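Report on the structure given below.
The values are calculated or read from the model by the stated rules, or taken from the named source; none is laboratory data. Since the model is a prediction, treat every value here as computed from it, not as a measurement. Cβ: placed from backbone, ideal geometry, glycine included. Neighbour counts: every protein chain shown. Ligands, DNA and RNA are excluded from the accessible area calculation, which covers all protein heavy atoms including side chains. Shrake-Rupley method; radii C 1.70, N 1.55, O 1.52, S 1.80 Å.
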Amino acid sequence: MIVGSHHNILIPNLDGFRSSSRRFRGLRLIHTHLSGEELTTDDLTDLALLRLDLVCALESDEDGLPGLARAAHLIPENPEGRYWQTLDPRRPAELDLDFTAFIAALEGEFAKKQTTRKVEAVDRAILVRVETRSVSDGEESIAELRELCRTAGVEVFDAVIQRRSEVDPRFLIGKGKLSDLVIRAMQMDANLLVFDHELTAAQIRSIADSTEMKVIDRTQVILDIFAKRAHSREGKIQVELAQLKYRLPRLTQQDAGLSRLAGGIGGTGPGETKLEVDRRRTRERIHRLEKDLKNIEKARGQRRGRRDRAGLPVISIVGYTNAGKSTLLNALTKSDVFTEDRLFATLDPKSSRLRFPRDTEAVITDTVGFIRELPKELIAAFRATLDELREADILLHVIDAGNPAFEAQITAVEKILQDLELIGKPTLRVFNKMDRVADRALLETLCGRFDAVAISALDPATLPPLMERLEAMIQTVHGSS
């Protein structure tokens, strides 16, 4: 029993009640409306966010007797896209519903709809983006996030883009849209919200508290992919360092049972909180990993020195993730670098010797793929690897010609190169996957516009023009040096 005012009621913490995303809470909210109004937006928001069995507003007549009862309950996924069902208003004496049996049957309908999706993934996600610019920009970004989730092993059930003039500082999206997401997740049996933004610790906590769902952001998805793909010792150190730097400012959960004890004059007590211990250990681990990376960077520098003494020019392949960089390295050098049609298939740099038809030789190196808004933690952690690009004589920028957003990808790659102060380095653009472009005239126009070469890394017959351009650039660069 909750006593409120004529303005509102305050619902207490419901952590003690069941909170499975697949079932209702096991609670009904029955309250009074003093002016005979319909169910309000707040009523339906509470129904959704709290996953109540039912919300019912009972009119209070002027003589104090009960009037009509207006009720609503959530409904399973449906073609109309509706989230709740409003029952016909009835007087309390006319209510003859066997509610326990009704809710059991309704939960059974939810379960039946959920089991129609044959999904083995543990994480079943709804993607969320708030767009303050054009919706088309949001659609491109959500499509990329969907591909990131696929690479990370997350099953994507739905994607939501909300157009707003400005982002909500607490929830990013509006409170009404957040309640819609909770119902949608319950209907589809989704258990994860993935935001196409970088969230602060406060935002993650606010959204998770309101939805009682697991909440992650785009950066976390990318970090998880890198963690799965790193195989070398250097790669594992770089990824762990990036993860720790990402998590450190998000270590905010205090445990009241481990609060600092007061003690001594001018003292701070005999113990640290669990939070402080976690932060200290995280900083110590970051310091240790950074020291290990410096040693690796020193060894890399020694290898670079031996390569410089050999006089071999260096070509570094750069490009957007999944543009075909590793496939091209394999085609040019007969190597066997792992390739896969997924984002960030390879993280560890691979170098091979490239021999040209006129007996010119060079070292060609594949680097980690780039992506829009590459997390700053990753750039910092992979700086030792990316610094290899500084020593390159030529950058080979591989572009996915079959991707409709290739120009945005070119801009993203060049922005990262600019951040690394590498824009002025001799660069050859290569439009890969030319077989996916039906309009050959358009492809020729693009090559002229970007001063690029068109190839298909899977077709060796298309590679000779690329080899000729590269060999000419090497002679120009080495001749001038």
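The table that follows gives values for the structure above.
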{"item": "In sequence order, calculated HN-Hα J values of the stretch 318-331 (Karplus, 6.51, -1.76, 1.60; Hz; x Gly/Pro)", "result": "10, x, 5, 4, 6, 7, x, 5, 5, 4, 5, 4, 4, 5"}
{"item": "Residue-wise HN-Hα coupling along the stretch 28-37, computed from phi with Karplus coefficients 6.51, -1.76, 1.60 (Hz; x: Gly, Pro)", "result": "10, 9, 10, 9, 9, 10, 7, 10, x, 7"}
{"item": "Using a Förster distance of 25 Å, the FRET efficiency for LEU34-THR86 (Cβ separation, nearest 0.05)", "result": "0.80"}
{"item": "Residue-normalised accessible area of the stretch 353-481, given per residue in Å² at a 1.4 Å probe", "result": "47 Å²"}
{"item": "Label-point separation, THR132 to LEU442 (7 Å along Cα→Cβ), nm", "result": "3.3 nm"}
{"item": "Compactness of the chain - radius of gyration and Dmax, Cα, Å", "result": "29.1, 102"}
{"item": "Rough spin-label spacing in nm, given labels placed 7 Å along Cα→Cβ, for ASN78 and GLU155", "result": "2.4 nm"}
{"item": "Per-peptide average of other Cβ atoms within 10 Å, ordering 89-96, 28-35, 311-318 highest first", "result": "311-318, 28-35, 89-96"}
{"item": "Residues of the stretch 170-210: accessible area per residue with a 1.4 Å probe, Å²", "result": "28 Å²"}
{"item": "Cα centroid separation, the stretch 147-184 to the stretch 186-230 (Å)", "result": "10 Å"}
{"item": "Pair-distance profile P(r), taking every C-alpha pair of the stretch 125-173, with 5 angstrom steps and integer %", "result": "5, 22, 28, 21, 16, 7, 1"}
{"item": "Backbone HN-Hα couplings from phi across the stretch 132-143 [Karplus 6.51/-1.76/1.60, Hz, Gly and Pro as x]", "result": "9, 10, 6, 5, 4, 4, x, 5, 5, 5, 5, 4"}
{"item": "ALA190 long-range amide H proximity, modeled H, under 5 Å", "result": "none"}
{"item": "Long pairs among LYS245/LYS334; LYS228/LYS376; LYS112/LYS175; LYS245/LYS274, criterion Cα-Cα beyond 26 Å", "result": "LYS245/LYS334; LYS112/LYS175"}
{"item": "Gained length - ASP459 relative to GLU421, 0.36 nm times residue gap less alpha-carbon distance", "result": "10.3 nm"}
{"item": "The chain - percent of accessible surface contributed by carbon and sulfur, probe 1.4 Å", "result": "50 percent"}
{"item": "Among 404-414, 239-249, the order from most to least packed when residues are scored by Cβ within 10 Å on average", "result": "239-249, 404-414"}
{"item": "Dipole of the chain [Lys/Arg +1, Asp/Glu -1 at C-beta], most positive-end residue of THR132, THR40, PRO313", "result": "PRO313"}
{"item": "Burial ranking of peptide ranges 320-332, 390-402 (average Cβ count within 10 Å, highest at the top)", "result": "320-332, 390-402"}
{"item": "Extension reserve of the ASP98-LYS274 stretch, reckoned as 0.36 nm per residue once the Cα distance is removed", "result": "58.5 nm"}
